[in-house]
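The values are calculated or read from the model by the stated rules, or taken from the named source; none is laboratory data. For clarity, every value in this text was computed on a predicted model and none was experimentally measured. Glycine gets a Cβ as well: all are built from the backbone with ideal geometry, and neighbour counts include every protein chain shown. Just the protein is used for accessible areas: all its heavy atoms, side chains included, with ligands, DNA and RNA removed. Shrake-Rupley method; radii C 1.70, N 1.55, O 1.52, S 1.80 Å.
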Amino acid sequence: MIPSTAAAAPRSGAGRFTDLALLLLLATLWGGSYSFIKVGVETIPPVTLIAARTLLAGAILLVLIRWRGLRLPRDPATWRLFLVQACLNSVVPFTLIAWAERSVEAGLATILSSTSPIFVVLLGLLAGTGERLSLLKLAGIASGLAGTLLIVGTEAMAGIGADLAAQLALVAASLCYGGAALFGRHFKGLDPIMPAAGSLLCGAALLIPLSLAVDRPWTLAPSGASIQALLALSVASTALAFVIYFRLIARLGSVATTSVAYLRVPTGVLIGMVFLGESLAPTAWAGLVLIVGGVLAMTMPARRRRNLT
(Lines give C-alpha, C1' and ligand atoms only; values in the text may rest on other atoms or scores of the structure.)
Protein backbone atom coordinates (compact mmCIF):
# COMPACT_ATOMS: atom_id res chain seq x y z
CA MET A 1 0.00 0.00 0.00
CA ILE A 2 0.94 3.67 -0.32
CA PRO A 3 2.58 5.15 2.78
CA SER A 4 1.13 8.38 4.11
CA THR A 5 2.81 11.15 6.02
CA ALA A 6 -0.41 12.54 7.42
CA ALA A 7 -0.70 12.48 11.17
CA ALA A 8 -3.79 11.01 12.74
CA ALA A 9 -6.06 13.57 14.34
CA PRO A 10 -7.51 12.96 17.81
CA ARG A 11 -10.88 11.27 17.58
CA SER A 12 -13.95 11.35 19.80
CA GLY A 13 -15.43 8.14 21.17
CA ALA A 14 -17.98 7.97 18.34
CA GLY A 15 -15.28 8.79 15.79
CA ARG A 16 -13.03 6.00 17.05
CA PHE A 17 -15.93 3.56 16.89
CA THR A 18 -16.61 4.60 13.29
CA ASP A 19 -12.95 4.19 12.39
CA LEU A 20 -12.81 0.71 13.91
CA ALA A 21 -16.01 -0.25 12.09
CA LEU A 22 -14.53 0.96 8.80
CA LEU A 23 -11.32 -0.96 9.52
CA LEU A 24 -13.30 -4.15 10.07
CA LEU A 25 -15.31 -3.47 6.90
CA LEU A 26 -12.09 -2.99 4.94
CA ALA A 27 -10.73 -6.27 6.29
CA THR A 28 -13.96 -7.99 5.26
CA LEU A 29 -13.87 -6.51 1.75
CA TRP A 30 -10.27 -7.56 1.20
CA GLY A 31 -10.73 -10.91 2.91
CA GLY A 32 -13.81 -11.55 0.78
CA SER A 33 -11.89 -10.90 -2.43
CA TYR A 34 -10.43 -14.41 -2.28
CA SER A 35 -13.90 -15.94 -2.28
CA PHE A 36 -14.96 -13.68 -5.18
CA ILE A 37 -11.88 -14.78 -7.13
CA LYS A 38 -12.62 -18.42 -6.34
CA VAL A 39 -16.10 -18.07 -7.89
CA GLY A 40 -14.91 -15.85 -10.75
CA VAL A 41 -12.22 -18.20 -12.08
CA GLU A 42 -14.71 -21.05 -12.36
CA THR A 43 -15.74 -19.77 -15.81
CA ILE A 44 -13.49 -16.73 -16.42
CA PRO A 45 -9.77 -17.33 -17.08
CA PRO A 46 -7.45 -15.66 -14.51
CA VAL A 47 -5.87 -13.11 -16.89
CA THR A 48 -9.25 -11.95 -18.21
CA LEU A 49 -10.74 -11.83 -14.72
CA ILE A 50 -7.93 -9.62 -13.41
CA ALA A 51 -7.89 -7.47 -16.56
CA ALA A 52 -11.58 -6.75 -16.05
CA ARG A 53 -11.05 -6.20 -12.32
CA THR A 54 -8.31 -3.61 -12.78
CA LEU A 55 -10.16 -1.86 -15.63
CA LEU A 56 -13.46 -1.55 -13.76
CA ALA A 57 -11.86 -0.53 -10.46
CA GLY A 58 -9.52 1.95 -12.16
CA ALA A 59 -12.44 3.48 -14.07
CA ILE A 60 -14.43 3.87 -10.85
CA LEU A 61 -11.51 5.60 -9.13
CA LEU A 62 -11.02 7.81 -12.18
CA VAL A 63 -14.65 8.91 -11.94
CA LEU A 64 -14.12 9.60 -8.22
CA ILE A 65 -11.05 11.71 -9.03
CA ARG A 66 -13.07 13.74 -11.53
CA TRP A 67 -15.89 14.11 -9.01
CA ARG A 68 -13.43 15.52 -6.48
CA GLY A 69 -12.24 18.06 -9.06
CA LEU A 70 -8.75 16.52 -9.29
CA ARG A 71 -6.65 15.39 -12.27
CA LEU A 72 -4.21 12.56 -12.67
CA PRO A 73 -0.56 13.57 -13.19
CA ARG A 74 0.49 13.87 -16.82
CA ASP A 75 4.28 13.72 -16.67
CA PRO A 76 5.85 10.52 -18.11
CA ALA A 77 8.14 10.01 -15.08
CA THR A 78 5.17 9.64 -12.72
CA TRP A 79 3.41 7.24 -15.08
CA ARG A 80 6.55 5.10 -15.25
CA LEU A 81 6.36 4.83 -11.48
CA PHE A 82 2.66 3.96 -11.77
CA LEU A 83 3.60 1.21 -14.21
CA VAL A 84 6.11 -0.34 -11.82
CA GLN A 85 3.60 -0.09 -8.98
CA ALA A 86 0.98 -1.75 -11.18
CA CYS A 87 3.23 -4.75 -11.77
CA LEU A 88 3.99 -5.09 -8.05
CA ASN A 89 0.57 -4.29 -6.63
CA SER A 90 -1.95 -5.63 -9.14
CA VAL A 91 -0.80 -7.22 -12.42
CA VAL A 92 1.50 -9.92 -11.04
CA PRO A 93 -0.06 -10.64 -7.59
CA PHE A 94 -3.70 -10.44 -8.76
CA THR A 95 -2.98 -12.84 -11.62
CA LEU A 96 -0.98 -15.23 -9.43
CA ILE A 97 -3.78 -15.31 -6.86
CA ALA A 98 -6.47 -15.88 -9.49
CA TRP A 99 -4.44 -18.69 -11.10
CA ALA A 100 -3.68 -20.29 -7.74
CA GLU A 101 -7.30 -20.25 -6.62
CA ARG A 102 -8.21 -22.66 -9.37
CA SER A 103 -6.77 -25.37 -7.10
CA VAL A 104 -6.40 -23.71 -3.68
CA GLU A 105 -9.33 -22.96 -1.40
CA ALA A 106 -10.14 -19.29 -0.74
CA GLY A 107 -9.48 -19.58 3.00
CA LEU A 108 -6.01 -21.02 2.47
CA ALA A 109 -5.32 -18.37 -0.20
CA THR A 110 -6.19 -15.69 2.33
CA ILE A 111 -3.77 -17.12 4.90
CA LEU A 112 -0.84 -17.48 2.50
CA SER A 113 -1.45 -14.00 1.09
CA SER A 114 -1.35 -12.50 4.59
CA THR A 115 2.43 -12.84 4.78
CA SER A 116 3.11 -9.54 2.96
CA PRO A 117 4.00 -7.62 6.18
CA ILE A 118 6.73 -10.19 6.81
CA PHE A 119 8.16 -9.61 3.34
CA VAL A 120 8.04 -5.84 3.89
CA VAL A 121 10.48 -6.27 6.80
CA LEU A 122 12.70 -8.76 4.97
CA LEU A 123 12.83 -6.72 1.75
CA GLY A 124 13.52 -3.59 3.76
CA LEU A 125 16.48 -5.29 5.37
CA LEU A 126 17.81 -6.50 2.03
CA ALA A 127 17.42 -3.02 0.55
CA GLY A 128 19.08 -1.41 3.56
CA THR A 129 15.98 0.65 4.37
CA GLY A 130 14.56 -1.45 7.18
CA GLU A 131 14.64 -0.45 10.82
CA ARG A 132 16.73 -2.26 13.40
CA LEU A 133 14.92 -5.42 14.45
CA SER A 134 14.09 -6.11 18.08
CA LEU A 135 13.98 -9.63 19.47
CA LEU A 136 10.19 -9.45 19.37
CA LYS A 137 10.23 -8.59 15.68
CA LEU A 138 12.72 -11.37 14.97
CA ALA A 139 10.41 -13.76 16.79
CA GLY A 140 7.52 -12.41 14.75
CA ILE A 141 9.34 -13.06 11.47
CA ALA A 142 10.21 -16.59 12.58
CA SER A 143 6.63 -17.23 13.67
CA GLY A 144 5.17 -15.94 10.40
CA LEU A 145 7.56 -17.91 8.23
CA ALA A 146 6.99 -21.03 10.34
CA GLY A 147 3.26 -20.63 9.86
CA THR A 148 3.67 -20.39 6.09
CA LEU A 149 5.89 -23.46 6.00
CA LEU A 150 3.44 -25.34 8.22
CA ILE A 151 0.59 -24.64 5.82
CA VAL A 152 2.56 -25.59 2.70
CA GLY A 153 4.75 -28.21 4.37
CA THR A 154 2.59 -31.32 4.00
CA GLU A 155 2.12 -30.86 0.27
CA ALA A 156 5.77 -29.92 -0.19
CA MET A 157 7.05 -33.03 1.57
CA ALA A 158 4.61 -35.23 -0.31
CA GLY A 159 5.83 -33.78 -3.61
CA ILE A 160 2.41 -32.87 -4.95
CA GLY A 161 3.58 -30.47 -7.66
CA ALA A 162 0.30 -28.85 -8.72
CA ASP A 163 -0.87 -27.83 -5.27
CA LEU A 164 2.61 -26.80 -4.22
CA ALA A 165 3.00 -24.59 -7.29
CA ALA A 166 -0.31 -22.85 -6.56
CA GLN A 167 0.61 -22.29 -2.92
CA LEU A 168 4.03 -20.93 -3.85
CA ALA A 169 2.29 -18.59 -6.32
CA LEU A 170 0.29 -17.16 -3.41
CA VAL A 171 3.46 -16.64 -1.39
CA ALA A 172 5.04 -14.97 -4.44
CA ALA A 173 2.01 -12.65 -4.61
CA SER A 174 2.66 -11.66 -0.99
CA LEU A 175 6.28 -10.99 -1.91
CA CYS A 176 5.04 -8.63 -4.66
CA TYR A 177 2.79 -6.85 -2.18
CA GLY A 178 5.77 -6.39 0.12
CA GLY A 179 7.76 -4.86 -2.72
CA ALA A 180 4.81 -2.63 -3.61
CA ALA A 181 4.64 -1.31 -0.04
CA LEU A 182 8.31 -0.31 -0.20
CA PHE A 183 8.09 1.11 -3.72
CA GLY A 184 5.04 3.11 -2.70
CA ARG A 185 7.34 5.54 -0.90
CA HIS A 186 7.93 7.17 -4.29
CA PHE A 187 4.40 8.62 -4.12
CA LYS A 188 4.63 10.52 -0.84
CA GLY A 189 3.98 13.85 -2.54
CA LEU A 190 0.77 12.71 -4.24
CA ASP A 191 -2.78 12.32 -3.02
CA PRO A 192 -2.90 8.53 -2.33
CA ILE A 193 -5.83 8.03 -4.70
CA MET A 194 -3.59 9.06 -7.62
CA PRO A 195 -1.15 6.12 -7.55
CA ALA A 196 -4.07 3.81 -6.76
CA ALA A 197 -6.01 4.85 -9.86
CA GLY A 198 -2.90 5.28 -12.01
CA SER A 199 -1.50 1.86 -11.16
CA LEU A 200 -4.86 0.15 -11.74
CA LEU A 201 -5.24 1.81 -15.14
CA CYS A 202 -1.66 0.82 -16.04
CA GLY A 203 -2.45 -2.71 -14.93
CA ALA A 204 -5.49 -2.80 -17.18
CA ALA A 205 -3.41 -1.50 -20.10
CA LEU A 206 -0.96 -4.37 -19.58
CA LEU A 207 -3.51 -7.12 -19.01
CA ILE A 208 -6.19 -6.33 -21.60
CA PRO A 209 -3.95 -7.05 -24.64
CA LEU A 210 -2.76 -10.25 -22.95
CA SER A 211 -6.34 -11.27 -22.28
CA LEU A 212 -7.31 -10.61 -25.90
CA ALA A 213 -4.39 -12.65 -27.20
CA VAL A 214 -4.50 -15.57 -24.77
CA ASP A 215 -8.10 -15.98 -23.61
CA ARG A 216 -10.04 -14.52 -26.56
CA PRO A 217 -12.73 -13.29 -24.14
CA TRP A 218 -15.34 -12.88 -26.88
CA THR A 219 -15.45 -16.69 -27.08
CA LEU A 220 -16.06 -17.14 -23.34
CA ALA A 221 -19.42 -17.96 -21.77
CA PRO A 222 -19.04 -16.89 -18.12
CA SER A 223 -21.72 -17.95 -15.69
CA GLY A 224 -23.93 -15.45 -13.93
CA ALA A 225 -22.23 -16.28 -10.64
CA SER A 226 -18.78 -15.52 -12.10
CA ILE A 227 -19.97 -12.19 -13.53
CA GLN A 228 -21.50 -11.23 -10.19
CA ALA A 229 -18.27 -12.21 -8.44
CA LEU A 230 -16.27 -10.07 -10.89
CA LEU A 231 -18.51 -7.06 -10.26
CA ALA A 232 -18.29 -7.52 -6.49
CA LEU A 233 -14.53 -7.96 -6.74
CA SER A 234 -14.12 -4.80 -8.81
CA VAL A 235 -16.58 -2.52 -7.05
CA ALA A 236 -16.37 -3.70 -3.43
CA SER A 237 -13.01 -5.42 -2.92
CA THR A 238 -11.00 -3.04 -5.12
CA ALA A 239 -12.59 0.38 -5.76
CA LEU A 240 -14.66 0.74 -2.57
CA ALA A 241 -11.92 -0.87 -0.48
CA PHE A 242 -9.40 1.70 -1.73
CA VAL A 243 -11.75 4.58 -0.91
CA ILE A 244 -12.19 3.28 2.66
CA TYR A 245 -8.45 2.69 2.92
CA PHE A 246 -7.65 6.28 1.93
CA ARG A 247 -10.17 7.61 4.46
CA LEU A 248 -8.61 5.52 7.22
CA ILE A 249 -5.12 6.67 6.25
CA ALA A 250 -6.24 10.26 6.79
CA ARG A 251 -8.06 9.53 10.06
CA LEU A 252 -5.95 6.83 11.72
CA GLY A 253 -2.57 7.15 10.00
CA SER A 254 -0.78 4.57 7.92
CA VAL A 255 0.56 2.48 10.80
CA ALA A 256 -2.79 1.78 12.46
CA THR A 257 -4.39 1.05 9.09
CA THR A 258 -1.87 -1.74 8.41
CA SER A 259 -3.62 -3.83 11.05
CA VAL A 260 -6.02 -4.74 8.25
CA ALA A 261 -3.26 -7.02 6.94
CA TYR A 262 -3.94 -9.50 9.71
CA LEU A 263 -7.61 -8.62 10.32
CA ARG A 264 -8.46 -9.81 6.81
CA VAL A 265 -7.06 -13.29 7.53
CA PRO A 266 -9.79 -14.51 9.90
CA THR A 267 -12.49 -12.67 7.92
CA GLY A 268 -11.34 -14.28 4.67
CA VAL A 269 -11.20 -17.73 6.27
CA LEU A 270 -14.66 -17.28 7.80
CA ILE A 271 -16.17 -16.11 4.49
CA GLY A 272 -14.69 -19.10 2.66
CA MET A 273 -16.06 -21.51 5.26
CA VAL A 274 -19.54 -19.97 5.53
CA PHE A 275 -20.29 -19.24 1.87
CA LEU A 276 -18.13 -21.79 0.03
CA GLY A 277 -18.35 -24.67 2.50
CA GLU A 278 -14.57 -24.87 2.84
CA SER A 279 -12.67 -26.43 5.70
CA LEU A 280 -9.08 -26.17 6.90
CA ALA A 281 -6.84 -28.95 8.17
CA PRO A 282 -5.54 -28.69 11.76
CA THR A 283 -2.06 -27.87 10.44
CA ALA A 284 -3.50 -24.94 8.48
CA TRP A 285 -5.21 -23.62 11.61
CA ALA A 286 -1.91 -23.85 13.47
CA GLY A 287 -0.22 -22.00 10.61
CA LEU A 288 -2.92 -19.32 10.79
CA VAL A 289 -2.21 -18.78 14.49
CA LEU A 290 1.54 -18.51 13.88
CA ILE A 291 1.14 -16.07 10.98
CA VAL A 292 -1.27 -13.77 12.82
CA GLY A 293 0.93 -13.88 15.92
CA GLY A 294 3.99 -13.06 13.82
CA VAL A 295 2.37 -10.08 12.13
CA LEU A 296 1.12 -8.77 15.48
CA ALA A 297 4.59 -9.08 17.00
CA MET A 298 6.14 -7.10 14.13
CA THR A 299 3.46 -4.42 13.88
CA MET A 300 2.33 -3.51 17.39
CA PRO A 301 5.67 -2.32 18.85
CA ALA A 302 6.21 -0.01 15.86
CA ARG A 303 2.73 1.41 16.24
CA ARG A 304 3.25 2.17 19.94
CA ARG A 305 6.54 3.89 19.32
CA ARG A 306 5.03 6.09 16.62
CA ASN A 307 2.06 7.00 18.75
CA LEU A 308 4.39 8.19 21.47
CA THR A 309 6.25 10.53 19.11
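Cα centroids of segment 212-245 and segment 27-60: 5 Å apart.
Each residue of segment 283-295 is assigned a 3J(HN,Hα), and the resulting list reads 5, 5, 5, 4, x, 4, 4, 5, 5, 4, x, x, 5 Hz, derived from the Karplus form 6.51 cos²θ - 1.76 cosθ + 1.60 (θ = phi - 60°), x at Gly and Pro.
How would 273, 194 line up by accessible area, probe 1.4 Å, largest first?
Details: 273 75, 194 10 Å².
Heavy-atom accessible area, descending, gives 273, 194.
How much net charge surrounds residue 34 when only other residues with a Cβ under 11 Å from its Cβ are counted (Lys, Arg +1; Asp, Glu -1)? Could you put the intermediate results ahead of the total?
Working: positive: 38, 264; negative: 101, 105, 278.
That sum, taken over residues with Cβ under 11 Å, equals -1.
Probe radius 1.4 Å, ligands and nucleic acids ignored: give me the carbon and sulfur share of the accessible area of segment 186-248 as a rounded percent.
68
Near residue 64, once Lys and Arg are set to +1 and Asp and Glu to -1 for all other residues with Cβ below 14 Å from its Cβ, the sum equals +3.
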